[in-house]
Every structure is written in C-alpha cells, then in structure tokens.
Amino acid sequence: MVISPNPASPIPQHVLVVDDDAEIAHILSRYFTSNGFRVTTASDGVQMRRIVDAEPVDIVMLDLGLPGEDGLSLTRHLREHWHGPVIIVTGRGESVDRVVGLELGADDYVTKPFDLRELLARVRSVLRRFSNAPPKAAAAGVARTRYAFEGYVLDIQSHSLISPDGEPIALTSGEFTLLRVLVEQANKVLSRDQLMTHIHGRDAGPYDRSIDVQIGRLRRKIEPDPANPQRIKSIRGAGYLFSPVVQRL
C-alpha cells in the first residue's frame, strides 16, 4: 500500500515500513505521511525485496518478528544488496537482538511500544546523516571536504571511504558518521555519551552498547588487527580515541 502526501508539496522522502501487523503499519503510514513523507508498506521479506528492487527507497523501518524470513536475516540482505539506512522497529527488547541487529548493520533500533514523535526524530536524524548530494555540490562550486589518514580518504560529500589500495569501503550511515566524528576529533578522547549525541542525538543509556558495536564494526574495516586496535583505541573508563594523524585535503 502506498500513501502519498499532497502532490503540490516537494518530492517527499520514501519510507518503507516492513511489518506484518497491519494496524501498526497503518498508524506509521498515516503519521509519517502527515509529516511529509511518502510511505510504502510491506508485510514480509518477499514484498520488501520487490519494492526495494523496483523503486528508490530512502529508508527502511523493519520489524524483526516477520513471517517466513525474519528481520535479522532481512537486515543482512539489505546490507549486502542495498545501500541505504535501516531502522529496526520491533517488540523484541532483549539486548542480544539489539546487538545482533546493529552488528548486521542496522543504523538504529527502536522497541515497541514507541513514541511516534521520537521515532520520527530518529528517522530524520538517520536520513540527515545518510543524505549526500555530491553532484549538486560540485555544480554549485562548493569545495569538497575530505580527510586523509594512513592512506585512507574519507570524503564527506560523497559519503565514502577509500582504502589505501584505492578500493571503496562500504559503511553504513552510522559507521560513516562515527568515523567522521572520530576523524574530526582526532587525538581527543570521546566518551560514549559524546559519540551517541553526535550520532543519534541522545545520551547513551546504562545498557546501550550501540556505540561499542559500531566501533567494533568500524575496527574490522580499518584496523590491520581488529583484536589489537591501533587506530581506534579504547581508553579505559573514558571512551575512545582516534590516534592517526589526520590531514584535511
């Protein structure tokens, strides 16, 4: 089902809600449509794949407890075959599901019952992190912002990381924002709360491991030995420190 806002309004961002609960899907459709989004709903993985393959989707809100293929498997599929942000919205509140979802590449995790205003704020936050328009910026003559460290190049406008071998390294929007914060604050100790505020716009809860999970994923992509990290260092009782010398290009 697709609900579109007033055609006179600007082109809306497209939200795909994947949830087999028709009532929740309807509530999310109406609420996000009233806030200027275009909303499509899918009740299972088959419909989700069909929609993602057929048309541009800006963000996926994905339930875990789906019939057939579950949400964690679908998160893995999206990370491997689709380059866009994913927010898990589910009734499963166990920390293990949260950690696994983030490990698989979800950009945020919201448990039911949720506050619609908070969910809207989180969707907008993730979309802001993910958005990029390098062709438009180049056409307008805007200087590109790039950072180099130990052979890597982080391009802010194109939302990309290039390895010393010249190969692109795939990053989720959360990983990209985390790396950008670390690079821009190189050689400064940043607490989990500071990183959480930069990435999600809120403090970390006492049992929130999302920053640790994303640090772990990032280390596996830029550390020669992720088990003995030298670029993203853990500072006991304080947080994390990005140690390489960073040059702005």
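Computed over the alpha-carbon pairs of region 144-189, the distance histogram in 10 Å steps reads 27, 61, 12 percent, short to long.
Each peptide in 165-171, 102-108, 228-234 gets a packing score, the mean of other Cβ atoms within 10 Å over its residues, and the list from highest to lowest is 102-108, 228-234, 165-171. Net charge in the neighbourhood of residue 189 (other residues with Cβ under 13 Å of its Cβ; Lys, Arg +1, Asp, Glu -1) is +3.
The residue 193 and residue 73 beta-carbon pair, evaluated with R₀ = 41 Å, returns a calculated FRET efficiency of approximately 0.80.
All of the numbers you see were taken from the coordinates with simple rules; none came from a lab. Bear in mind that the values here come from a model prediction, so they are computed numbers and not experimental data. Note: ideal-geometry Cβ built from the backbone for every residue, glycine included; neighbour counts use all protein chains shown.
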